[in-house]
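Data first, discussion second: the structure below is written as structure tokens.
Computed from the coordinates by the stated procedures, all read-outs in this text should not be read as laboratory data. Since we're looking at a predicted model, the values are computed, not measured. All Cβ positions, even for glycine, are placed from backbone atoms using ideal geometry, and neighbour counts span all protein chains on display.
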Amino acid sequence: MTSNTVEPGGQNVSFRSNGYAASGYLRTPESGSGKALIVIQEWWGLDDHMIEIVDRFASEGFVALAPDLYGGRVAHDADEAGELMGQLTAEEAAKDLAGAQALPR
């Protein structure tokens, strides 16, 4: 993660994943702590809807993180979503999710 402390609210973070930098959207509850939850994006990518879902989990008391499995790319139609999903290997996704899971809470 880019810093050791996380203020309540949402922020884009980066974390180490298999020797490289991965990123995601992290939101903490107002209390600043809570049970951790990893939110897996839909095939569209880490879009506004996924950020809203992360924010809702945080409003319920969770520290929620959605790793960006597409590296900043977001699909705008079904064809593009299928292409992005087809480019993501299960191994890459698993590495990013493992890196997200290892973030300090």
(Q) So if each residue of separation counts as 0.36 nm, and I subtract the Cα-Cα distance between residue 80 and residue 49, what length gain in nm does that give? (A) 9.5 nm
Q. Which of the chymotrypsin sites (Phe, Trp or Tyr not before Pro) found in the range 34-71 are loop residues per DSSP with 16 or fewer other Cβ atoms within 10 Å of their Cβ?
A. 43
Q. If you build the Cα gyration tensor of the range 23-77 and take the root of 5 times each eigenvalue, what three semi-axes come out, in whole angstrom, biggest first?
A. 22, 10, 7
(Q) Output needed: percent of Cα pairs per 5 Å distance bin for the chain, bins running from 0 to the one holding the longest distance. (A) 2, 14, 24, 23, 19, 10, 5, 1, 0
Q) Which of the listed residues, 99, 67, 81, is farthest toward the dipole's positive end in the range 9-101, when Lys, Arg count +1 and Asp, Glu count -1 at the beta-carbon? A) 99
Q. Longest span of the chain, sites excluded, free of GluC sites (Glu not before Pro) in DSSP loop with at most 16 other C-beta atoms within 10 Å?
A. 61-105
